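Worksheet: one structure, shown below.
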Amino acid sequence: MKRQILYWRAASLVVAAGFIVLWQMIANLRLVSPVFLPGPDRAWAALVRGFASGELWTKLLGTLEHMAYGWFAASIAGIALGAMIGSSRTMRSYVAPSLEFLRPLPVSAIVPVAIAMFGLTQGMALFVIAFGAIWPMLLATVHGFAAVEPRLYEVARSLQMSRLAVIFKIALPSASPDILSGMRLSLTVALILAVVCEILAGLDGLGHWVLLSARAFRSADLFAGVILLGGIGYGTALAMSTVEKQLLKWRPSGH
Amino acid sequence: MPLRDRTNCRSPEPAQIEFSQVTLELGGKRIIESLNLAVKPGEFLCIIGASGCGKTTALRLAAGLYRPTTGDVTFEGQPMRMPRRDIAIVFQDYGKALLPWRTAAGNVSLALEANGVSSAQRGEQIDELLNKVGLPGHAGKYPAEMSGGMQQRLQIARCLAQKPKALLMDEPFGALDAMTRQGLQDEVLSLAQASHATVIFVTHDLEEAIYLGDRVIGLLPHPGRVGIELMIDLPRPRDQLTTREHPEFLRLRRELFDFIKASEA
């Protein structure tokens, strides 16, 4: 079993290395003009240079900050609202149609509204990211709270547990697998929207960096930015799934 | 009390749990009709009956999880309006009644927390309760890592943590294999004796009812009402072999068997 996991991991590394080699070959053969496509060597050099000058650090932290604020705001609002809606059948039937209308609304349609309301500010970015990232969490939390085993509520009743105790000791932990998977999905949405907002509003971050590099035909810097964005996506997802595994270790394996 | 219970006339001791003319309708359907029942403190009462006779419903009424449509359920003379902590209920589906995200110790702790036991005292009580139900050394296990029998023991431990005056058990061993079942029957008998708690035990297993009970009540279905009442005067402590071979045991078994057959006809 363990050997198999190692084998797969090695295979995936080989594939990744293969892609990088292919990329280098395409760049060396000048199949695409070096103005548009730098090789991995030049992209790497741009990365190192950017970090050495400190500029990429600022951009990286800027994007992480936008992402984190929006995601936290969405998490808190999404879980609180989801808990309220999910734990009451009446609430669900009242609110569900409005949610169904708002949910498929493309977030890009919200951006002009947010700009009109907040201007090209950090507040705008926070609003847009939070608005986009709230849906996976809200819907997952509603589902998680609605799916609590009714028998557990009876156990709570016969123990005469308080409302607050029922929420924190029964409903929230029971919904936690759903909530956590909603949070994981929201993470990706938050990253996408952080970049979009930076591009649109010129906020300090990797989105802005990528945009300026492209306009100045600095393709190596552009690719350095894209690689970093990929790294953020990968890193945050990995961190989240580690947290998830730790919090959900009570679940029988195979889920 | 205007409504003296017929079944309890021979005892001057006041009933702990009493049903007086209890009728329950759920969704327009009459599940229980004019049920009269008095359970004395410390008594071990078993309720049997064909499926759909309302035995689980009767137990839920005693637990305060249902309220009667008409009539009264009282506990120590007080009308039952809602569940109370000194009445514990053991559900049949232990897999659903335990918190899967809490360890064995955590599940027992839930009841202690509800009872307001300080966190300093909880650890010791948890160990004691897990010992009592035969689960020493399993404190750190999650329910998913335990067998069915162990999970049901754990649920019983959590119920004992409530320090109940009455323990209501709803076909607790229905989903367990025969060997595990017999072991648990003996443990429940000794736990009941040690804690002096009243037990109402619902089962569809006639032999189990006779083996455990001081008294067995058989319900008739549609709507549920008392159809037979048998006093079990078999000697205690009961023994899986000798008690089950006792002529009185066999006579009672025959009588209950005929009752069930007639009620299903």
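The values are calculated or read from the model by the stated rules, or taken from the named source; none is laboratory data. This one's a predicted model, so the numbers in the text were calculated from it and none came from an experiment. Here Cβ is always computed from backbone atoms with ideal geometry, including for glycine, and neighbour counts include all displayed protein chains. Ligands, DNA and RNA are excluded from the accessible area calculation, which covers all protein heavy atoms including side chains. Shrake-Rupley method; radii C 1.70, N 1.55, O 1.52, S 1.80 Å.
Structure above, values below:
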{"read-out": "Most mobile of A:Ile167, A:Ile199, A:Ile134 in a GNM of chain A (Cα contacts under 10 Å)", "value": "A:Ile167"}
{"read-out": "Span-rule helices in chain B, defined as complete DSSP H runs reaching 15 Å or more along the axis (Cα) with Kyte mean at least -1.0", "value": "B:104-114, B:148-161, B:178-195, B:247-264"}
{"read-out": "Candidate residues B:Glu18, B:Glu255, A:Glu55: accessible-area rank, largest first, probe 1.4 Å", "value": "A:Glu55, B:Glu255, B:Glu18"}
{"read-out": "Projected-area average for the protein assembly as shown over all orientations - Cα convex hull basis, square nanometres", "value": "33.9"}
{"read-out": "Reduction of at least 10 Å² in accessible surface, 1.4 Å probe, comparing all protein chains with the chain by itself, residues of the stretch A:131-160", "value": "A:Glu149, A:Arg151, A:Leu152, A:Glu154, A:Val155, A:Arg157, A:Ser158, A:Leu159, A:Gln160"}
{"read-out": "Solvent-accessible area buried by A and B, counting both chains, probe 1.4 angstrom, square angstrom", "value": "2000"}
{"read-out": "Qualifying aspartates and glutamates (Cα of each under 17 Å from Cα of B:Lys132; at least 8 residues distant if same chain)", "value": "B:Glu124, B:Asp186, B:Glu187"}
{"read-out": "Accessible surface, per residue, of chain A when the full set of protein chains is kept, probe 1.4 Å, Å²", "value": "56"}
{"read-out": "Of A:Lys169/B:Lys55; B:Lys55/B:Lys163; A:Lys2/B:Lys141; B:Lys40/B:Lys165, those spanning more than 20 Å from alpha-carbon to alpha-carbon", "value": "A:Lys169/B:Lys55; B:Lys55/B:Lys163; A:Lys2/B:Lys141"}
{"read-out": "Shape box of chain A [Cα atoms, principal axes, largest first, Å]", "value": "73, 57, 30"}
{"read-out": "Pairwise centroid distance, computed over Cα atoms, of the stretch A:99-152 with the stretch A:1-35, Å", "value": "37"}
{"read-out": "Surface per residue (accessible, 1.4 Å probe) for the stretch B:189-262, Å²", "value": "48"}
{"read-out": "Dipole magnitude (debye, nearest 20) for the protein assembly as shown, charges at Cβ of Lys, Arg, Asp, Glu", "value": "960"}
{"read-out": "Accessible carbon and sulfur surface of the stretch A:30-102 relative to its total accessible area, %, 1.4 Å", "value": "71"}
{"read-out": "Estimated dipole of chain B in Debye, rounded to 20 [Cβ of Lys and Arg +1, of Asp and Glu -1, Cα centre]", "value": "540"}
{"read-out": "³J(HN,Hα), Karplus 6.51/-1.76/1.60, whole Hz, each residue of the stretch B:215-231, x for Gly, Pro", "value": "8, 10, 10, x, 9, 9, x, 6, x, x, 7, 6, x, 8, 9, 10, 8"}
{"read-out": "Heavy-atom accessible area order for B:Arg244, A:Arg89, largest first, 1.4 Å probe", "value": "A:Arg89, B:Arg244"}
{"read-out": "Rounded FRET efficiency, nearest 0.05, which uses the C-beta distance separating A:Gln122 from A:Gln246 and R0 of 45 Å", "value": "0.90"}
{"read-out": "Leading residue at positive end of dipole, the protein assembly as shown (Cβ point charges), from A:Thr236, B:Ser109, B:Thr23", "value": "A:Thr236"}
{"read-out": "Cross-link partners of A:Lys249 among aspartates and glutamates (Cα-Cα below 12 Å; sequence separation of 8 or more within a chain)", "value": "B:Glu145"}
{"read-out": "Amide H within-cut-off set for B:Ile32, under 5 Å, with H built and near neighbours excluded", "value": "B:Leu24, B:Gly224"}
